[in-house]
Amino acid sequence: MRQLIFFVLLASLTSTHAQHPALEQRLADYLAKLPPSVKVNYRVESLEGKRYASLGDDERVPSASIIKIPILVEIMEQVKAQRFELTDYYTLQNADKVGGAGTIFQEREGKAFTYEQLAHQMMVASDNTATNILIRKVGREAVNERMKTLGFPNLQLNRVMMDTAAVAKGIENYVNADEINRLLSLIYQRKVATPALCDLMVAFLLDNHDTSTLPSLIPRQVGIAHKTGTLTYIRGDAGIIFTQKPFVISVFVRGTDLNRAETIIAEIGKIAYEALK
């Protein structure tokens, strides 16, 4: 009996160890050179969930626009349930318009957009006006309930975009590196919504216009299906890198200026790519 308990404990300990110690060591060496004030959370793993390297991957962090991945999943789930169609139209109202990212707020009131167009702009341009329209369409709580059902309680949509009153009260949206990686893996594996809708989500992520983080130091011919996020106090990126054997990575950086944070994410992405390509 004692021998059985020993092997169970040993299995539980070794299962948390990195499956790519050389990569984990290279990342540890890189991070050791950063100022102590810089806080980095990351996770690199296979699309089957085999952990290659991680640091603070279970810590909940402000999501910035990376929360738009869970929103996108809920949109597609509701389309699957036939609550609405991606080809349905929404008519823009002046009250919808917010800045921060995207260009839809510059369009005239009364212009019509399909929900597919809005979802595409939410992902490729991080359009906040489109995002808020879509949150109202599917419901904030529906997004959170979906994430809980999928096993991701730390992916939390607690406010709409550019809600300065909520921000002043300390209300944030959250993710962690572990759960956002696993959600991306489900999309890649076509295990949410429908296979066709998962393929559409990947296409949106591949079309991301923000290339200043993970894609920055990786060869341009390598596909990266990702979503970035930016607040004044955090920069993040989470995505799938399509090497010969694709892998998923998320990186969040705090405690430095945004330009330096982008460089850190890019360099971590390059280290992971070179180890796993």
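List of remarks:
- For Ser126, the criteria (1) part of a loop (DSSP other than H, G, I, E, B); (2) at negative phi; (3) buried (at least 17 other Cβ atoms within 10 Å of the Cβ); (4) out of contact with any Phe, Trp or Tyr (no Cβ under 8 Å at 6 or more places or on another chain) hold in every case but one, which is (2).
- Exactly one residue among Arg254, Arg235 is within 19 Å of Tyr174 (Cβ to Cβ), of a type in the set (Lys, Arg), modelled with pLDDT of 95 or more and buried (at least 19 other Cβ atoms within 10 Å of the Cβ), and that residue is Arg235.
- Scanning region 112-123 for residues that are surrounded by fewer than 18 Cβ atoms within 10 Å (Cβ to Cβ) and either without any contact (Cβ under 8 Å) to a residue 24 or more places away in the chain or in contact with a Gly (Cβ under 8 Å, 6 or more places away or on another chain) (or both) turns up Ala112, Gln117.
- Helices (runs of 4 or more DSSP H) wholly inside region 142-246 that include at least 1 residues being without any contact (Cβ under 8 Å) to a residue 24 or more places away in the chain, over 16 Å from the mean Cα position of the chain (by Cα) and within 21 Å of Leu86 (Cα to Cα): 195-206
- If you go through region 90-100 and keep only what is surrounded by 12 or more Cβ atoms within 10 Å (Cβ to Cβ) and touching a strand residue (DSSP E or B) at 6+ places or on another chain (Cβ under 8 Å), you end up with Tyr90, Leu92.
- Cβ-Cβ distances below 7 Å connect the following pairs, each with a first residue in region 78-93 that is more than 15 Å from Phe113 (Cβ to Cβ), a second residue that is assigned to a loop (DSSP other than H, G, I, E, B) and of a type in the set (S, T, N, Q), and a separation of six or more residues or different chains: Lys80/Thr194.
- Screening region 25-114 for strands (runs of 3 or more DSSP E) wholly inside it with 2 or more residues that are closer than 30 Å to Gln244 by Cα and within 24 Å of the chain's Cα centre (by Cα) returns the ranges 39-46, 51-55.
The values are calculated or read from the model by the stated rules, or taken from the named source; none is laboratory data. If you're wondering where the values come from, they're calculated on a predicted model, not measured in any experiment. Positions of Cβ are generated from backbone atoms using ideal geometry, with glycine treated the same way; all protein chains shown enter the neighbour counts.
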